[in-house]
Amino acid sequence: MRNFVLSFIITLVCGVTPVAADEACTQTTHDQIDYVVCRFDPQRDDIRLFLNNDDGEPYGHFNWVNEALAKKGETLVFAMNAGMYHEDRSPVGLYVGAEQKAGEIKYLLNENDGPGNFHLKPNGVFYVTGRGDAAIQETQKFKGVCGQLFRYATQSGPMLVIDNEIHPRFLSDSDSLKRRNGVGVTENGEVIFALADTPVRFYDFAMFFRDELNTPNALYLDGTISRLYAPELNRNDPGVAMGPIVGVVVKND
């Protein structure tokens with residue numbers, strides 16, 4: 001189907017066959033909030049995670065990922081930032097990406113308590129398995145999944161939706177309105193990324209994933225610095241250098 005650099009053994013509860021999306025990225029408005037929504041079939045679409053280039057330096061920007069892919073005859077067709085990171089742009093939690101060698105897990109699962117959105121528990125993990133399924137698990141459940149391979153993973157937080165329930169600490173009247181991006185997985189396995197171009201509170205962002213995008217589990221990826229790369233929408237958002245990046249790749253003809 002496609003070439004991947006690595007695979008890791010983890011446990012997985014079950015697999016499903018996703019439904020292909022009619023188109024990748026679309027713009028929509030819900031409850032006066034402007035969103036970009038991008039849908040992908042992990043069985044068909046090459047979803048990857050990126051952090052460091054061949055010299056071990058963080059990519060930081062979408063263009064630099066695309067330049068590296070071009071040398072391999074590939075093109076980035078979608079990307080967004082994919083989780084919390086430290087000042088040196090290293091991930092705060094678990095990260096498994098395209099640049100890592102088989103058997104190497106450099107950035108481990110983070111179960112620590114602390115300040116900030118990452119530690120607003122429960123947090124969780126978005127991952128793509130060895131057989132091409134995608135899933136989101138709350139961190140504690142992720143530790144106990146049983147049986148397959150995974151190629152890519154990023155831990156972030158907080159969870160937005162947990163088994164069809166809104167994160168218990170979100171407030172419907174919160175005054176914290178920010179640009180936000182996240183990822184959800186539908187019951188049939190479709191992966192949906194969303195970015196709120198209008199500042200939105202956590203509660204409403206989670207409701208959008210659950211009730212409009214129909215994702216029983218969804219994970220917050222980042223906030224104020226959220227950025228999108230979607231050439232079909234003429235989007236290549238500028239901004240400060242990022243840590244982990246999630247993208248979809250195609251081979252050049």
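Values quoted throughout were computed directly from the atomic coordinates according to the rules given, and no laboratory measurement underlies them. Everything numeric in this text was worked out from a predicted model, so none of it was measured. Here the Cβ positions follow ideal geometry from the backbone for every residue, glycine too, while neighbour counts run over all protein chains shown.
How much net charge surrounds Thr215 when only other residues with a Cβ under 10 Å from its Cβ are counted (Lys, Arg +1; Asp, Glu -1)?
Values: positive: Arg210; negative: Glu187, Glu190, Asp211, Glu212.
Overall, the nearby charge balance is -3.
Using the Cα gyration tensor of the stretch 98-215, with a ≥ b ≥ c the square roots of its eigenvalues, what is the shape: rounded (a/c below 1.5), prolate (a/b larger than b/c) or oblate (neither)? Please report the intermediate quantities before stating the final value.
On the way: a/c = 1.93, a/b = 1.51, b/c = 1.28.
Prolate.
Rounded to the nearest 500, what is the 222 nm mean residue ellipticity of the chain from helices alone, with -39500 (n - 2.57) per DSSP H run of 4+ residues and division by all residues? Mind dumping the intermediate values first?
On the way: 3 runs with 20 residues, N = 253.
Per the formula, -2000 deg cm²/dmol.
Report the local net charge at Phe202: Lys and Arg +1, Asp and Glu -1, summed over other residues whose C-beta lies under 13 Å from its C-beta. Kindly include the intermediate steps, with their values, before the conclusion.
Numbers: positive: Arg169, Lys178, Arg179, Arg180, Arg201, Arg210; negative: Asp173, Asp175, Asp204, Asp222.
Net local charge, Phe202 excluded: +2.
Among the listed pairs Lys71/Lys106; Lys71/Lys251; Lys143/Lys178; Lys141/Lys178, which have their C-alpha atoms separated by more than 23 angstrom in this model? Present the calculation step by step, with values, prior to reporting the outcome.
Working: Lys71/Lys106 25 Å; Lys71/Lys251 11 Å; Lys143/Lys178 31 Å; Lys141/Lys178 29 Å.
Pairs exceeding 23 Å: Lys71/Lys106; Lys143/Lys178; Lys141/Lys178.
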- Using alpha carbon centers only, the stretch 197-253 is separated from the stretch 78-130 by a whole-angstrom value of 16
- Can you work out ³J(HN,Hα) from phi for every residue in the stretch 37-45, in order, using Karplus 6.51 cos²θ - 1.76 cosθ + 1.60 and θ = phi - 60°, giving whole Hz and x for Gly and Pro? 10, 10, 10, 9, 9, x, 6, 10, 9
- Note on the structure: Rounded to the angstrom and largest first, Cα extents along the principal axes for the stretch 26-75 equal 45, 25, 15
- Task: Excluding Phe118 itself, calculate the net charge of residues whose Cβ lies under 13 Å from the Cβ of Phe118, where each Lys or Arg counts +1 and each Asp or Glu counts -1.
- Result: -2
- Query: What are the aspartates and glutamates whose alpha-carbon lies under 20 Å from the alpha-carbon of Lys72, with same-chain residues fewer than 8 places away excluded?
  - Reply: Asp45, Asp46, Asp54, Asp55, Glu57, Glu99, Asp253
- Integer Hz, Karplus 6.51/-1.76/1.60 couplings in order for the stretch 109-121, x for Gly and Pro: 4, 10, 10, 5, 8, x, x, x, 5, 4, 8, 7, 6
